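Working notes for the structure below.
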Amino acid sequence: MEIYGAPHYFTAGVQAAHRKMTEPRSPGMSSVPQVIPTHTEPSSQAVEMDPVEYTLRKRLPRKLPKRRNDVYVNMKTDFRAQLARCQKLLEGGGHREICVHGLGLAINRAINIALQLQASSQGALQLAANTSTVELIDDLEPEDPDEAGEPMTRTRNNSAIHIKVFYPDPQ
Amino acid sequence: MKMSAAKAKMREKKMRNQPASVQYPESSTEYGGGADHPVTGGGQSNVRPFSKRQRTPPNRSGWVRGHQKDGGGYAREMPKFITAGAFARARAAEVSAMLKAVTKTTASSHVFQTLPKHMRRRAMSHNTKRLPRRLRDVANRMREKSLLASSKKKKEPAKSKSRKARRRHGNLLLEFNRRQRKNIWLETHIWHAKRFHMVKKWGYCLGVRPTYKCYRPCYRAMSSHCLLQDLSYYCCIELKGEEDKLLAALSQLTSKEGGPTFAAAMCLSGGRQGSVTVYRAGQYPSQPLGPVTYLWRPRTAELTHRQLWIWAHPTLKQDLLPELQSVCLCSEAVVTPVEPEVSCAEADPTVQVEAKSENIPDNKLKPGAKRKRSRKDASEPAEKKILGDGTRLPSTPVTWKSSSTGIVINDLTMEIVRYRLIGPQSHSVLAETLEAATVCDASMDLKSPSLWWPQHCKDQSNISLHQQQTGVFDLLKGICSTGELSPGTVLGLTVDDPRLTLPQKKVKAVPCVSQAQEADEEKRRELMMRGVPQQCCQSFLWDQSVRDNVTDNKLSEQELNRTRSELLVPGSRLSPTPPQGRVPILLVHQPGKQVGNELNSWGAGWDLLLPKGWGMAFWIPLVYRGVRVAGLHMSLKHSQNKAAPHFPHDYPDCPAGARFQEEQEAEFLDKFRRRPPAKRTNYIKHGCLAPFRCPWQQLAEEWELLTTEGGAEGKGYGQTESTTKTDVIEEVTSQQNIAATNPSSCFNVLRNRKSLRLLSAWCRPTASRGKRQRPGAAVPPLTPSAVTSFNAAHRMSLLWVRLTLLSKGNPEAHAMVCVPTAEDLKLFSKNKAGSGPQEPPHKDHFKSRIKRKKKGSKKAASSLFSSDDRASDPITPKDPQSSSDLILGLWPDPLPSVTSHCSRVTLGWITQGDFSLSVGCGEALGFVSVAGLLNTLLNQPVEHRGKLLLRNPTSLHYRFVKLNIDV
């Protein structure tokens, strides 16, 4: 099971993985909190107003080394399967604690999983949630007829949650 | 009856020493006294039988075994009387002939063969004393004779030398060179041949799949670790010239409608690899040649000329190269290199003589090297290992230049080794394997003035460039997954010989978990955003002289092992790096899956470009880092998972693709015919017209006609689909000949990005999610008028689609894509998990004809049969071809209407289909007719838009699929 198949767990939020944008600040992008128009070539500072069409391609979010007890939640795998995976880690896997990570749309599901785990353990498990911001990178490929456009990249931020699910120490 | 040639020959050999004829004509007895010398047959009485004999074939004249049909032997009527004298004489002649035959030995027999079996003993022919005494003399004589003969023979089979001699290095190389005269071996051939099923394809010997089972491990390697492939068979064509002239020439081959071309700004700077579909000059929508990838050399201060590498598949090269020559006006073949630079082959011998006295290892190398070189000079390529293209004659030109445009085309086939690493961990593998070259100091410089690296180290700018590149490469180590980089990034680098750091055991490369410093983190972020800085894309691999120098001065494996054995600590890294051990390389990032919304960047990786000769030196260290190695089969699966068309399989409109289809059909047909007829699938009964190929041309033509007819009839097509369909189809069948003669040319595959995008939007179900999809760019709604205008713009075109199965089922190649009827869709919406509709079994009208033909051939009345058979045949008498190539279960050649043959209208076929491990259900890739698809979409209710049916050639079961057009 590909858990950190990163794009799945946030593309569900913003459906089209690529879209033509005549106006980059269209309402469709309102889900993106800060659009940082950085890192274009200095000459094309007015790129916002450029009539050139761009194709948006999202890169994978930064991947970090994964321990055995890390569970990255996505929106594509069935919820029950993900829950079962967590339960297996806690019960059969012999881990005292696991970390459930969720990014973007999957935050909701990550919380759900954690709560379900707690509920099914009759209070033996405790939760500790942390939030963070993940920087994501988009590539903008120009689609102009005279092919002079430079490709651009921009960053946007997305929220993420990291929930520690653990058995508290006896003392 | 005829005797086979071999039999006749054998008999002739046996009869060599026998008397000519022992036959005495029986019929001579009819006339008693007339026959004076019966054996010779001179008498009048013998005239008739003898003349009769002479008419019969000559091999008849001896004895013939068995009863003969035309009554050669027996006379019908018994004689009334015989003359005693003549009769006795005739018998006497017979007896004497028989005696003669018995006493004379035939050629093949040995002496002991004259003995009865129970008297034979083992090794009689060897030891004559085992024979009875009366036969010994003869046996001795025979033995002497045979000894003489064998001694004469012994001279020529000297070719089977002892194994030791054969395995001697020089002889082995000679043998290898002989074996790759027809099909070139890649540098990793021997490694592959020990582990892979090899095929001879496209002029190369290539590995298809490993001999061990590894389909899933290879998939896992692709999606979570790293998979390695040798892509050196891809051909590189180098173009040199001024930038605007090059672009002007190349612009004829491409069109901007199909995406970025050679002139795209991001690729032109050299910072990225680009890919483009090439057409014949000025023919844009029609006559495509195939896809190529290209790489510009970054601009440098000193060079005014630009350099461009075009990488193409070997089957594409034969079409591409003439086309490039014609657009660049390069007709003059140049045999010697055009560049006036000092080629190292000339420079080397003198240099080596100078260096002779200086250091011992060099000295040891030299005799061998010199000997090789001198042999080469004497035009004897013996013992020299072929590097690069071995099949090419030395006189064949590889360089063409144009006097008018100044463009130089250079065929670099097999000059550059290309390895592909696929998978998210591929660059931790690279980071572990490669180590940036250590800079030489001045002392090393003096020792080996011929080597390129010390000379480059003299230049400060080169060193600073190298340091920058090293810095970028070190930064890359901190990145965990290949998909995080900007697609198509290029990085030039100079590395140390990777054999120096070969681990003792195979290890699995893992990303290095290092807590990056704040400064590093900032740098890394910069790299991700901006990509590799412009100047770092430069590599000395572009330089022909450097490439040759590196190839010629490679440290041999033997020498390396010797130095290794002298190490104080066994297994430690060899240091200092020998001066020869620096190799310029290029790393090219391969974007993974970019189209569609799922599995983004799946299968991203790196390509590693090396100078020739260094293939194995990099291959083994890579393998020791725990990568999996795969062959052609996996590269097909890789592109299938990426939903990308694979060349040449999925380019039916390209000449190479058409050739491939023919080959594939022949291969499948051959396989089909090898089965016993009773065990073959009867494709006629399955309603499958063409199980081994896809008649694209016919499909496009039929849909073209259908839509024009539909347009004439108005919008009635949609509502009463079934009735009008049949009408129209009948017309189609009648008008097929007209369409065939119509010069409306060939079908083509739609590659116009804008149109593809429009289609992609149309075929999505525009239900609840629809509003969120495209707020800015409004898609024109799917209306009949829009469809007609679209059809008019793209006539006879096919569309590359991805079909995902909605329930179970495993699609196969050449499966049919069909249109569901309204009832099918109704049933489907009621019961989602239910299986799809069934095709009623068809009737095989050809079966009886084949049977009759078989009977007919026994009766040997074939000429009569075919005419009256056709008159009585119940089906459409559309195939007036000879019944000889009727194959049971296959539809004979002029196919009936392909669209309307089954109960559901056919839209297209699948070219690749399999259970997709990445999606977790059956997934198929193929083409459908654009006109047909639009017609279908128009008539489908909105919520079911893009739902089609798929049916395998060997099945009657339709399965529901979801259509996706990925742009």
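Only the coordinates and a few stated rules stand behind these numbers; no lab work does. Quick caveat, the model's predicted, so the values are computed rather than measured. Glycine gets a Cβ as well: all are built from the backbone with ideal geometry, and neighbour counts include every protein chain shown.
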What list do you get for B:S785, B:S539, B:S900 if you sort them by fewest beta carbons within 10 Å?
B:S785, B:S900, B:S539
For peptides B:795-801, B:657-663, sequence by mean Cβ density within 10 Å, most packed first:
B:795-801, B:657-663
For the range B:483-630, convex hull volume per residue from C-alpha positions, Å³
171 Å³
Could you work out how much longer the chain between B:H633 and B:K7 gets when fully extended? Use 0.36 nm per residue separation minus the Cα distance between them, nm to one decimal.
220.7 nm
Sequence of B:S255, B:S848, B:S481 once ranked by neighbouring C-beta atoms within 10 Å, starting from the fewest
B:S848, B:S255, B:S481
Restricting to Cα pairs under 8 Å and 6 or more apart, the percent relative contact order of the range B:455-587 works out to 39 percent
Between B:K855 and B:E662, with labels modelled 7 Å along Cα→Cβ, what's the label distance in nm to one decimal, could you check?
3.9 nm
Which order results if B:C214, A:C99, B:C330 are arranged by neighbouring Cβ count within 10 Å, fewest first?
B:C214, A:C99, B:C330
For the B:S789, B:V199 Cβ pair and Förster radius 41 Å, calculated FRET efficiency rounded to 0.05 is 0.30
When Lys and Arg each count +1 and Asp and Glu each count -1, what net charge do the other residues less than 10 Å away from B:T211, Cβ to Cβ, add up to?
+4
Residue by residue through B:472-481, how many Cβ atoms from other chains fall within 10 Å of the Cβ on average?
2
Under a point spin-label approximation (7 Å from Cα along Cα-to-Cβ), what is the B:Q838-B:Q318 distance to one decimal in nm?
4.8 nm
How about the range B:177-269: which trypsin sites (Lys or Arg not before Pro) there are in a DSSP loop, with at most 15 other Cβ atoms within 10 Å of their Cβ?
B:R181, B:K182, B:K213
Once B:Q455 and B:H169 are pulled to full extension, the length gained, defined as 0.36 nm per residue separation minus their Cα-Cα distance, is 99.6 nm
Length gained if B:H957 through B:K129 is fully extended, taking 0.36 nm per residue and subtracting the Cα-Cα distance, is 290.2 nm
Work out the mean other chain Cβ neighbour count within 10 Å for the residues of B:561-568 and drop it here as an integer.
0
Quick one: if the Förster radius is 51 Å, what FRET efficiency do B:K826 and B:E522 give, using the C-beta to C-beta distance and rounding to 0.05?
0.25
In whole angstrom, largest first, the equivalent ellipsoid semi-axes that the Cα gyration tensor gives for the range B:545-635 are 34, 17, 12
Taking a quarter of the surface of the convex hull around the Cα atoms of the range B:596-702, what do you get in nm²?
12.0 nm²
